[in-house]
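Student: Right, I'll just put the structure down here and ask away after.
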Amino acid sequence: MRSPFLRLLSIFALATPDDLRQQLQYLKAENEILRSKIRGPIRVTNEERTRLLKLGIPLGTRLKSLISVVKPDTFARWVREARGRKKKKAAHPQGRPRTAEEVREVVLRIARETGWGYTRILGELRKLGIHVSRGTVVNILKEAKLPTGPSRSESSWSTFVKRHAKTLWACDFLQIPIITPRGIKDAFVLVFIHVESRRTYVSPSTLHPDAAWVAHQVEGFAEATEEGGFGTSDCRVMTRDNDTKFGVAFDTALKDSGIRPVRLPHCSPNLNAHVERVIQSIQVECLEKFIVMGKRHLDYLIHEYITHYNTERPHSGIGYRRPGQVRFTVDPPANAPLQVKCKARLAGVLRHYYRRTG
């Protein structure tokens with residue numbers, strides 16, 4: 001008679017294959033259900049890939065009915081690569097080619113030295129003959145973790161301004177406190193701007209802007225614009241606000257020079273937006289960075305800024321040209337080295353970048 005232990009052992013020996021098959025069938029069904037819940041490919045690490053190869057290679061063709069993490073063809077490729085039958089191809093870069101390093105250096109140099117936003121930097125690049133897109137400049141600044149600056153939308157102009165832009169000038173007063181031997185006083189200058197070209201003229205400063213002084217500035221304006229190629233024949237209309245410093249004498253002086261004065265309505269700064277904007281530029285980009293010590297110092301600062309503004313600074317409103325410039329400079333040959341120089345005014349407060357040709 002056989003012992004109970006031998007009978008139990010014989011039962012386990014007969015039941016084990018069935019149990020293993022049932023367990024395998026259950027695990028396979030469960031794996032298929034879990035795989036169906038996952039969207040997209042499953043990424044495995046190198047360690048996980050090595051483990052799957054170790055367990056899957058001995059199964060041979062039987063693996064095709066079991067594998068679900070990757071396709072059988074992918075597993076076969078893993079096997080070939082593990083056995084060294086096929087070397088991995090070098091990865092080819094995708095997308096657009098990276099911007100030239102020398103161009104990136106110029107963008108970052110201008111950004112770090114000036115703090116300009118991408119619009120001003122783009123203007124400097126085009127002036128230098130470097131043609132990149134607005135998005136390229138923004139991406140270069142973002143990669144370097146530099147601020148891109150506020151975006152500047154195009155202004156909308158009235159029909160009158162569009163029709164008369166070529167012969168239209170605008171004027172307004174700039175008021176700035178200066179230090180004099182008698183304490184802090186308010187100095188005044190009269191700012192004129194040509195709407196189409198953005199060419200700007202600023203009068204000498206005064207502490208007493210009476211009617212006679214204001215009228216006298218028309219003569220200085222006419223002489224300066226005549227010398228610069230913008231004679232009074234190019235100035236047919238002059239817009240001004242309702243400041244009491246403008247008087248009958250000022251309008252009479254304009255009419256004597258063949259210029260029609262146009263008095264704007266009250267509380268309408270948008271109608272005089274061009275001159276308001278250049279006054280803001282003079283203050284923010286120049287005067288606010290100095291303690292102005294007297295009239296001569298003020299006249300010098302404004303002279304340096306206006307020279308920079310008219311001859312060196314590109315303006316987005318006129319296609320990144322400089323006032324009076326008809327078109328961009330001729331692009332250098334394609335194989336010409338990129339040599340960018342910087343000219344500074346007022347101890348580096350104003351900077352102008354130009355391309356060395358020789």
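Student: Whether any residue in the stretch 221-228 is under 21 Å from LEU298 (Cβ atoms), in the same structural domain as ILE176 (by TED's automatic domain parsing), in contact with an Asp or Glu (Cβ under 8 Å, 6 or more places away or on another chain) and not in a strand (DSSP E or B) is what I want to check.
Tutor: no
Student: In addition: Out of HIS308, HIS266, I need the residue that is in the same structural domain as GLU196 (by TED's automatic domain parsing) and assigned to a loop (DSSP other than H, G, I, E, B). Which one?
Tutor: Just a single option satisfies the conditions, and that option is HIS266.
Student: Here's a follow-up. Could you check SER233 against (1) farther than 24 Å from LEU301 by Cβ; (2) modelled with pLDDT of 90 or more; (3) loosely packed, with under 14 Cβ neighbours inside 10 Å and say which number it fails?
Tutor: (2)
Student: Next up: So which residues in the stretch 25-55 are touching a residue at least 12 places away in the same chain (Cβ under 8 Å) and over 22 Å from ARG77 (Cα atoms), if there are any at all?
Tutor: LYS28, ASN31, GLU32
Student: Does GLU276 fit the bill of being outside any loop (DSSP other than H, G, I, E, B) and in contact (Cβ under 8 Å) with a residue 60 or more places away in the chain?
Tutor: Details: outside any loop (DSSP other than H, G, I, E, B): yes; in contact (Cβ under 8 Å) with a residue 60 or more places away in the chain: yes.
Here the answer is yes, as GLU276 does meet what is asked.
Student: A further question follows. Given the criteria at pLDDT 75 or above, of a type outside the set (Phe, Trp, Tyr) and outside the structural domain of THR136 (by TED's automatic domain parsing), does GLY95 qualify? So that I can check it myself, show each step before the final result.
Tutor: On the way: at pLDDT 75 or above: no; of a type outside the set (Phe, Trp, Tyr): yes; outside the structural domain of THR136 (by TED's automatic domain parsing): yes.
No; evaluated as a whole, the condition is false for this residue.
Student: So, in the stretch 107-145, how many residues would count as being part of a helix (DSSP H, G or I) and either in contact with a Cys (Cβ under 8 Å, 6 or more places away or on another chain) or over 23 Å from ILE318 (Cα atoms) (or both)? Let's see the steps before the verdict.
Tutor: First, the residues of the stretch 107-145 that are part of a helix (DSSP H, G or I): 107-114, 118-127, 134-143.
In the following step, the residues that additionally are either in contact with a Cys (Cβ under 8 Å, 6 or more places away or on another chain) or over 23 Å from ILE318 (Cα atoms) (or both) were identified as 108-109, 112-113, 139-143.
Of the residues in the stretch 107-145, 9 are part of a helix (DSSP H, G or I) and either in contact with a Cys (Cβ under 8 Å, 6 or more places away or on another chain) or over 23 Å from ILE318 (Cα atoms) (or both).
Student: Within the stretch 237-246, is even one residue among the polar types (S, T, N, Q) and surrounded by 13 or more Cβ atoms within 10 Å (Cβ to Cβ)? I'd like the intermediate steps shown before the answer.
Tutor: Here is the first cut: in the stretch 237-246, the residues among the polar types (S, T, N, Q) are 239, 242, 244.
Retained after the next criterion (residues that are surrounded by 13 or more Cβ atoms within 10 Å (Cβ to Cβ)): 239.
Checked the stretch 237-246: at least one residue is among the polar types (S, T, N, Q) and surrounded by 13 or more Cβ atoms within 10 Å (Cβ to Cβ).
Student: Determine which member of the set LEU346, LEU287, LEU298 is more than 27 Å from the chain's Cα centre (by Cα) and modelled with pLDDT of 90 or more.
Tutor: Numbers: LEU346 fails: more than 27 Å from the chain's Cα centre (by Cα); LEU287 fails: more than 27 Å from the chain's Cα centre (by Cα).
Only one candidate qualifies: LEU298.
Student: Inspect all residues belonging to the stretch 190-209 and state whether any of them is in a helix (DSSP H, G or I), touching a residue at least 12 places away in the same chain (Cβ under 8 Å) and surrounded by 14 or more Cβ atoms within 10 Å (Cβ to Cβ). If you could, list the steps in order and put the result at the bottom.
Tutor: Of the residues in the stretch 190-209, the ones in a helix (DSSP H, G or I) are none.
No; the residues of the stretch 190-209 include none that is in a helix (DSSP H, G or I), touching a residue at least 12 places away in the same chain (Cβ under 8 Å) and surrounded by 14 or more Cβ atoms within 10 Å (Cβ to Cβ).
Student: If you check HIS131, HIS164, which single one turns out to be modelled with pLDDT under 90 and in the same structural domain as MET238 (by TED's automatic domain parsing)?
Tutor: On the way: HIS131 fails: in the same structural domain as MET238 (by TED's automatic domain parsing).
When all the criteria are applied, what remains is HIS164.
Student: Now, a different point. Determine whether LEU168 is under 18 Å from ARG296 (Cα atoms) and crowded, with 18+ Cβ neighbours inside 10 Å.
Tutor: Working: under 18 Å from ARG296 (Cα atoms): no; crowded, with 18+ Cβ neighbours inside 10 Å: yes.
No: the conditions fail for LEU168.
Student: Which residue is farthest from the chain's Cα centre (by Cα), if the candidates are limited to the stretch 25-83 and must be aliphatic (A, V, I, L, M) and not in a helix (DSSP H, G or I)?
Tutor: Let us first name the residues in the stretch 25-83 that are aliphatic (A, V, I, L, M), namely 27, 29, 33-34, 38, 42, 44, 52-53, 55, 57, 59, 63, 66-67, 69-70, 76, 79, 82.
Those left that are additionally not in a helix (DSSP H, G or I): 38, 42, 44, 66-67, 69-70.
On the way: ILE38: 42, ILE42: 40, VAL44: 41, LEU66: 55, ILE67: 52, VAL69: 46, VAL70: 45 Å.
By that ranking, first place goes to LEU66.
Student: Quick test for you: out of THR244, THR206, pick the one residue that is farther than 27 Å from THR311 by Cβ, polar (S, T, N, Q) and either more than 38 Å from the chain's Cα centre (by Cα) or not assigned by TED's automatic domain parsing to the domain that holds ILE176 (or both). Lay out the reasoning, then the answer.
Tutor: Details: THR206 fails: farther than 27 Å from THR311 by Cβ.
Only one candidate qualifies: THR244.
Student: Also, I was wondering about something else. Take the conditions among the polar types (S, T, N, Q) and farther than 15 Å from CYS171 by Cβ and apply them to ASN242. Does it pass?
Tutor: Numbers: among the polar types (S, T, N, Q): yes; farther than 15 Å from CYS171 by Cβ: no.
No, not satisfied.
The values are calculated or read from the model by the stated rules, or taken from the named source; none is laboratory data. Not measured: the values here are computed from a predicted model. Every residue, glycine as well, gets a Cβ built from its backbone with ideal geometry; the counts of neighbours run over all protein chains shown.
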